[in-house]
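Have a look at the structure below, then the notes.
The values are calculated or read from the model by the stated rules, or taken from the named source; none is laboratory data. Note that this is a predicted model, so its numbers are computed, not measured. Note that each Cβ is placed from the backbone with ideal geometry, even for glycine, and that neighbours are counted across all protein chains shown. These accessible areas exclude ligands, DNA and RNA; they are computed on the full protein's heavy atoms, side chains included. Shrake-Rupley method; radii C 1.70, N 1.55, O 1.52, S 1.80 Å.
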Amino acid sequence: MNEVLLPFILTLDATLRLATPLILCAMAGLLSERSGIIDISLEGKLLSGAFAAAAVSTVTGNVYMGLGMAIVVSVAMALIHGFACITHRGNQIISGLAVNILASGLTVTIGFAAFRQGGQTPPLSADERFGPIILPFADALRDVPLIGLLYSELLSGHKLIVYIALISVPLVAWLLFKTRFGLRLRAVGEVPEAVDSAGISVTWLRYRAIILAGILCGIAGAYLSTAHGAGFVREMSAGKGYIALAAMIFGKWRPWSAMGACLLFGFLEAASSRMQGVELPLIGQTPVDLILILPYILTVVLLAGFFGRAVPPKAIGEPYVKEH
Amino acid sequence: MTGQDTHHGMRGGDVSPPPAVELRRINKRFGRVHANRDIDLTIDAGTITGIIGENGAGKSTLVSILYGFYSADSGDILIDGTPVALTSTADAIRCGIGMVHQHFMLVPTMSVLDNVMLGREGGFTLTDGISKTRKRLAQLSEDYGLEIDPDALVQDLPVGLQQRVEILKALLRGARILILDEPTGVLTPQEADRLFEILRMLKQDGVTILLITHKLREIMAITDDVNVMRHGQMVAHRKTKDTNREDLARLMVGRDVLFTAKYHEKEPGAPILEIDALTHHDSRGSTVLSDISFTLRAGEILGIAGVSGNGQSQLLDVLSGIEPVQEGTIRVAGEVIDSRNRRDPTALRQVGVAHIPEDRHHRGLVLPFSAAESSILGYHLTDVAGSGLFLDLQKIEARCADLMQRYDVRPPDPQWRSGGFSGGNQQKIVVAREIAASPQVLLVGQPTRGVDIGAIEFIHKELLAARDRGCAILLVSVELDEIMALSDRILVMNAGRIVGETAHGEADPNRIGLMMAGIDPNNARDITVQETGAA
């Protein structure tokens with residue numbers, strides 16, 4: 001039975017690995033957008049986080065220092081976005097785009113100046129990267145039919161950040177729906193006037209939301225360069241920030257649904273690389289490109305309103321200005 | 001406070017309690033506009049005090065300062081005799097000030113409970129706060145009859161109940177001074193009466209109430225003291241019992257005002273607009289107009305009364321050609337319009353259907369355009385705009401100047417930006433444009449919304465004059481007084497249906513109010529407004 005199941009489980013395993021940065025970024029985008037700030041700067045934060053993590057990790061030899069610096073840099077990018085569009089009420093799309101361009105240029109420039117390897121960081125050795133975490137009893141349970149295989153192959157053996165991503169979803173859901181901060185966050189994304197009138201600072205609330213988003217993107221960035229990969233490569237975020245944004249919209253700005261969408265997108269990516277070169281009956285060579293564009297098609301279809309309307313937070317994209 | 005009271009207090013040897021609120025020489029400017037100029041205001045504890053004034057007189061700015069929403073450029077605020085600095089709404093809430101805003105500060109997609117908890121959640125997690133807030137809501141509903149379902153989504157509640165949520169929100173925060181900004185604009189007369197009952201109960205419990213309104217009737221009905229604002233200044237303080245509507249209106253406007261337009265009976269002419277079984281659905285599929293039929297005759301004003309949001313706007317949209325007819329037929333000036341024979345607003349204007357839209361900012365005017373350009377909107381393809389490809393700007397401006405003079409638009413400058421005029425003058429430009437086209441049918445939506453008393457008087461006079469010239473007028477308004485003063489016949493709309501009809505002489509505001517709330521007045525003996533609100 002294992003021979004039949006194993007390829008399938010390995011695909012799911014790859015799904016989890018590929019979906020991890022998406023999940024973290026989607027949670028980041030969700031917090032930001034629920035507060036009313038459009039967050040297309042996910043991409044830039046992810047990329048700059050990835051660079052910071054790899055650079056610091058290779059210089060200090062400590063992967064956790066890398067993770068810390070990824071968070072610091074990503075939060076700094078978030079604050080630039082916030083300064084432009086919360087404090088100065090700028091256009092959120094343009095500000096986000098500026099962050100993305102800044103990250104794209106700055107990572108390569110600094111990388112080139114610091115490491116002289118064409119914008120890359122030196123390849124990271126094993127102890128400059130996150131290692132796999134073997135869950136307890138993973139080996140002992142390997143032979144238990146199905147459950148053992150799922151546990152030891154699918155759940156066990158991932159990098160720390162994969163587990164952080166999985167935990168981030170219930171955490172964000174709890175924060176959003178069960179805490180004072182979440183109540184205010186949801187309110188400020190819908191009717192900021194109501195929050196202001198209740199004596200709560202709209203500005204500070206939105207800043208906290210984007211700082212949290214920065215932290216999550218930083219972790220995702222560190223995953224790309226020091227867990228999933230072994231070093232920074234220019235443009236290594238490769239649109240994952242945008243896919244996460246699409247997944248979040250696909251999940252209608254709800255944590256669990258957004259995670260579902262991230263897993264779906266991750267699965268499509270895993271499946272496409274697994275199906276590479278495989279002959280299918282009737283179709284012939286698997287159209288890998290077609291599978292790869294599926295997430296984007298799905299997103300467009302969803303936005304067009306086919307699976308019920310995705311209703312964004314009402315005040316999204318609008319800077320808060322008191323009347324007059 | 002009268003001299004006698006003071007004397008009495010001194011003889012008794014005790015000090016009279018300080019006023020709940022005292023404002024001293026408050027000033028506030030927005031750019032070049034001096035919105036509040038040296039405002040003094042004293043509100044005694046446990047009273048209901050009114051501030052009355054026309055739109056733009058500075059009432060809303062003043063209470064926004066008191067609620068910490070804006071900070072004053074200069075001046076002092078004293079609460080219970082103590083000077084306070086109100087730099088944010090949080091400060092105001094701490095001082096026991098609560099506010100029911102004209103546009104509710106509620107999150108429609110969240111529950112009543114979430115909304116009233118916002119800002120006083122009682123801890124990082126919500127569990128504790130939820131159970132405590134539930135208890136306090138139950139207590140308040142018992143004390144003041146403010147029943148509400150805490151788990152209902154605010155967007156599913158009728159407006160009257162949404163306002164109740166606003167009041168509960170303020171009370172839960174321990175407000176001892178409650179400000180209400182134009183609270184009755186969205187209510188039926190019965191809901192308004194119910195609100196006043198609640199305010200009286202709160203007053204008995206020692207809550208100080210500040211009521212902002214432009215409706216004289218409400219001031220006379222409920223306040224103890226009244227303050228009049230005009231052009232950013234406080235022009236008078238009166239004891240309500242020592243004043244009357246005429247006096248207050250004169251103070252508001254700065255001259256004598258005619259209250260009721262001079263309506264006179266007149267036999268209507270031939271039917272011009274016939275509507276048969278009109279039904280309409282909105283983009284989400286809900287029915288917004290349901291089987292509407294009526295006939296409008298030449299030289300007749302037909303009023304449509306109803307609480308805002310009961311299908312009146314959609315009726316105007318369909319009749320004016322903005323929305324296509326879905327079901328039913330419209331016969332106007334010999335043309336039959338239905339789902340197959342559609343007419344857009346241009347085609348309808350050509351057969352003599354003019355439209356004064358409800359929202360002059362979005363549909364009546366292009367605010368950055370000059371008054372002259374706004375004066376030909378919708379008629380820009382006719383000869384008033386010139387002939388051939390080009391606009392004849394001289395001709396347009398000359399005509400606009402003429403209209404401005406006839407309609408007393410100030411300043412009478414055709415090159416002035418449309419958005420730069422006051423609400424009343426903007427509306428006069430729209431009214432002038434549509435009436436000048438000598439339409440057979442004039443569709444009118446909220447002709448005096450946000451318009452000062454002087455302009456209201458003028459617009460009413462022009463509508464009656466158009467009627468006397470034989471124009472058929474459909475008048476949609478949420479101001480029942482306006483409908484009753486001008487209409488030859490009145491139809492009442494509720495939930496997209498016409499639920500009643502009455503003639504000019506037989507109109508009774510109580511009966512109409514019940515119909516507006518969807519209640520058959522003939523079976524309404526024991527029904528309280530509270531139940532209509534919850535229905």
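Here are some notes:
- Think of a 1.4 Å ball rolled over the protein heavy atoms: the protein assembly as shown then has 44 Å² of accessible area per residue.
- Apportionment of accessible area to carbon and sulfur, the stretch B:247-306, percent (1.4 Å): 48
- Across the stretch B:485-502, rounded Karplus estimates of 3J(HN,Hα) from the backbone phi angles (6.51 cos²θ - 1.76 cosθ + 1.60, θ = phi - 60°) give 6, 10, 7, 6, 9, 10, 9, 10, 10, 8, 6, x, 10, 8, 10, x, 9, 8 Hz, Gly and Pro being marked x.
- Stokes-Einstein D (µm²/s) once Rh is taken as the Kirkwood radius of the protein assembly as shown over alpha-carbon pairs, at 10 °C in 1.306 mPa s: 51
- Total accessible area lost when A and B pair, probe 1.4 Å, Å² to nearest 100: 2100
- Using θ = phi - 60° and Karplus 6.51 cos²θ - 1.76 cosθ + 1.60, couplings along the stretch A:179-193 (whole Hz; Gly, Pro as x): 10, 4, 4, x, 4, 5, 4, 5, 5, 6, x, 9, 9, x, 4
- Relative contact order for chain B: 14 percent, from Cα pairs under 8 Å spaced at least 6 residues apart, divided by residue count.
- Shielding by partners, peptide B:66-73 (average Cβ within 10 angstrom, other chains): 2
- Alpha carbon convex hull of the stretch B:107-175, volume per residue in cubic angstrom: 80
- Each Cα pair under 8 Å and six or more residues apart adds its separation to the average, and for the stretch B:169-240 the resulting relative contact order is 29 percent.
- Computed over the stretch A:62-188, the Cα gyration tensor eigenvalues convert (square root of 5λ each) into semi-axes of 35, 27, 11 Å, ordered from largest to smallest.
- Of all DSSP beta bridges in the stretch B:271-523, antiparallel share, percent nearest 5: 55
- Of the trypsin sites (Lys or Arg not before Pro) found in the stretch B:231-292, those that fall in a DSSP loop while having at most 15 other beta-carbon atoms within 10 Å are B:Arg255, B:Lys262, B:Lys266, B:Arg284.
- Spatially proximal lysines relative to B:Lys461 (Cα-Cα < 25 Å; intrachain offsets below 8 disregarded): B:Lys215, B:Lys262, B:Lys266, B:Lys428
- √(5λ) per eigenvalue of the Cα gyration tensor, the stretch B:271-523, largest first, Å: 31, 21, 16
- One compactness figure for the stretch A:2-303 is 1.03, namely its Cα radius of gyration divided by 2.2 N^0.38 Å.
- Protein accessible area in chain A, 1.4 Å probe - carbon and sulfur %: 69
- Chymotrypsin sites (Phe, Trp or Tyr not before Pro), loop per DSSP, at most 14 other Cβ atoms within 10 Å - longest free stretch of chain A: A:138-305
- Loop-located trypsin sites (Lys or Arg not before Pro) in the stretch A:231-324 whose Cβ has at most 13 other Cβ within 10 Å (DSSP): A:Arg309, A:Lys322
- Length gained when the stretch B:Arg200-B:Asp344 is fully extended (0.36 nm per residue, less Cα-Cα span): 46.8 nm
- When the Cα positions of B:Ile483, B:Ala517, B:Thr125 are compared along the charge dipole of chain B, B:Thr125 comes out farthest toward the positive end, with charges on each C-beta of Lys, Arg, Asp and Glu.
- Under DSSP loop assignment and at most 16 Cβ neighbours within 10 Å, longest GluC sites (Glu not before Pro)-free interval of chain A: A:1-234
- Trypsin sites (Lys or Arg not before Pro) restricted to DSSP loop in the stretch B:27-81 with at most 10 other C-beta within 10 Å: B:Arg32
- Pairwise label distance in nanometres, B:Glu335 with A:Phe177, each label 7 Å out on the Cα-Cβ vector: 5.3
- Per-residue ³J(HN,Hα) for the stretch B:327-343, Karplus 6.51 cos²θ - 1.76 cosθ + 1.60, θ = phi - 60°, Hz, x for Gly and Pro: 9, x, 10, 10, 10, 9, 6, x, 9, 10, 10, 8, 5, 9, 9, 9, 10
- Take the Cβ atoms of B:Leu391 and A:Gln285, set R0 to 60 Å, and the FRET efficiency comes out at 0.40.
- Rounded to whole Å, sorted largest first: equivalent-ellipsoid semi-axes of the stretch B:345-406, Cα gyration tensor: 18, 16, 11
- Dividing the mean sequence gap of close Cα pairs (under 8 Å, 6+ apart) by how many residues chain A holds gives a relative contact order of 34 percent.
- Percentage, to the nearest whole number, of Cα pairs in chain B over 39 Å apart: 33
- Sum of -39500 (n - 2.57) over DSSP H runs of 4+, divided by residues of chain B (222 nm, nearest 500): -9500 deg cm²/dmol
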